[in-house]
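Everything on this sheet refers to the single structure shown next.
The values are calculated or read from the model by the stated rules, or taken from the named source; none is laboratory data. Predicted model, so just to flag it, every value in this text is computed and none were measured. Cβ sites come from the backbone with ideal geometry, for glycine too, and all protein chains shown count toward neighbours. Remember, those area values only see protein heavy atoms, side chains included, never the ligands or the DNA or RNA. Shrake-Rupley method; radii C 1.70, N 1.55, O 1.52, S 1.80 Å.
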Amino acid sequence: MNTETNAATGTAATPDARRWWDADGGWSTADATGTVLVIDSWLVDEGRVRGLDRHAERFRSSCDRFPEPGPDRTDRFMRAVAESLPARGRWFPRVELVDTGSGTRLRMWLRPAPPRTATVRLWTPTGPDRRRLPAVKGADLDHLAALRADATMAGADEALLVSAEGHVVEGASTSIVWWRGDTLCGPPPGPGLLPGITRSLLGELARTAGLQAVTERATAADLAGLPVWTLNALHGIRPVTEGLGRLQDTDAEEAGRWQSRLAALAVPAGELPDSRGEPMKEVSP
């Protein structure tokens, strides 16, 4: 079996391994059974992560919708996850709140990271947006996976979700942003939009560079002449080449520069703060 020892914790990292976590017993072997209620994922590259504290907070907030496990237990789980992340290799771990039929449990799925792709083609499904809880990552996992499969069948990479009024919302696994000159734009926050971690980091980078980052409602027709990007933790920034907006050579070069700035935010994974906001040991926004 291909395993690697995490130098920081002495624990073994096994590709595609799922492990339960319990407050009393710590880690134990798990399988794929149960109904997934909430998930979150991030890229670990040679022990470095960007925005891990934000992923943890988004996961905690979503888990708080359920009676169990409670914020303290979720905090302890996420700190245990942070401490167990491998120090070598590229990984894409997924944390999960799972309904086992007799209650809820917390689980981590340690997955090797898929290859990063540089661009993306979008496909828009017909019919209304049928997500139940768009703001909770994992609540519509099967539906979104089916949409991505449909996009692949249509010769694209990602499904584009639009509102009943025709406004661009997000991708099945990505945030959507666009540029109007030097202004970074994206859909406004609300119950129909997942809070994107990579989008929030990019917005802060833009403002630090003296640029504006704003929200607006826009249809596909409104974006016909603009550069459009998809964003997520795995791929970072990917310019859209088909299905929305327009792409020119200079746009791809600009995306590459911002991708480098985004990648520079990755820091060694360290001890996470709890929900009371205690400072992080090594990780900062």
> Within the bounds of region 46-58, is there any residue that is buried (at least 23 other Cβ atoms within 10 Å of the Cβ), closer than 21 Å to residue 238 by Cβ and among the β-branched types (Val, Ile, Thr)?
Replying inline: yes
> When both residues are 6+ apart or on different chains and their Cβ atoms are under 6 Å apart, which pairs have a first residue that lies in region 36-48 and is under 18 Å from residue 139 (Cα atoms) and at pLDDT 95 or above, and a second that is open to solvent by 30 Å² or more (accessible area, probe 1.4 Å) and in a loop (DSSP other than H, G, I, E, B)?
Replying inline: 39/137; 40/137; 41/92
>> Just to check your reading of the model, which residue among 127, 138 is modelled with pLDDT of 95 or more and either on the phi > 0 side of the Ramachandran plot or of a type in the set (Asp, Glu) (or both)?
In response: 138
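Scan region 121-136 residue by residue and report those that are of a type in the set (D, E, K, R) and not in a strand (DSSP E or B).
If the condition is that a residue be of a type in the set (D, E, K, R) and not in a strand (DSSP E or B), then 129, 130, 131, 132 are the ones that fit.
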> Taking into account only those residues within region 233-246 that are assigned to a strand (DSSP E or B) and aliphatic (A, V, I, L, M), which is surrounded by the most Cβ atoms within 10 Å (Cβ to Cβ)?
Replying inline: 240
> open to solvent by 50 Å² or more (accessible area, probe 1.4 Å), at pLDDT below 95 and not polar (S, T, N, Q): does that describe residue 121?
Replying inline: no
>> Quick check on my filter: what residues within region 247-270 are at pLDDT 90 or above and either assigned to a helix (DSSP H, G or I) or among the aromatic types (Phe, Trp, Tyr) (or both)?
In response: 253, 254, 255, 256, 257, 258, 259, 260, 261, 262, 263
> Could you count how many residues in region 215-240 are without any contact (Cβ under 8 Å) to a residue 24 or more places away in the chain and within 22 Å of residue 48 (Cβ to Cβ)?
Replying inline: 0
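Of everything in region 95-118, what is in contact with a Pro (Cβ under 7 Å, 6 or more places away or on another chain) and either free of Cβ contacts under 8 Å to residues at least 12 places away in the same chain or surrounded by 17 or more Cβ atoms within 10 Å (Cβ to Cβ) (or both)? Give them in sequence order.
104, 106, 108, 109, 110
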> In the list 238, 199, 217, which residue meets the criterion of being of a type outside the set (A, V, I, L, M, F, W, C) and farther than 21 Å from residue 40 by Cβ?
Replying inline: 217
> Condition test on residue 159, is it under 18 Å from the mean Cα position of the chain (by Cα) and either within 29 Å of residue 48 (Cβ to Cβ) or not aliphatic (A, V, I, L, M) (or both)?
Replying inline: no
> Within the set of pairs 6 or more residues apart or between chains, which connect a residue that is modelled with pLDDT under 95 inside region 192-205 to a residue that is part of a loop (DSSP other than H, G, I, E, B) with Cβ atoms less than 9 Å apart?
Replying inline: 192/129; 192/131; 192/134; 192/135; 192/163
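Do the conditions hold for residue 84, that is, is it of a type outside the set (Lys, Arg), surrounded by 14 or more Cβ atoms within 10 Å (Cβ to Cβ) and modelled with pLDDT under 95?
In short, yes.
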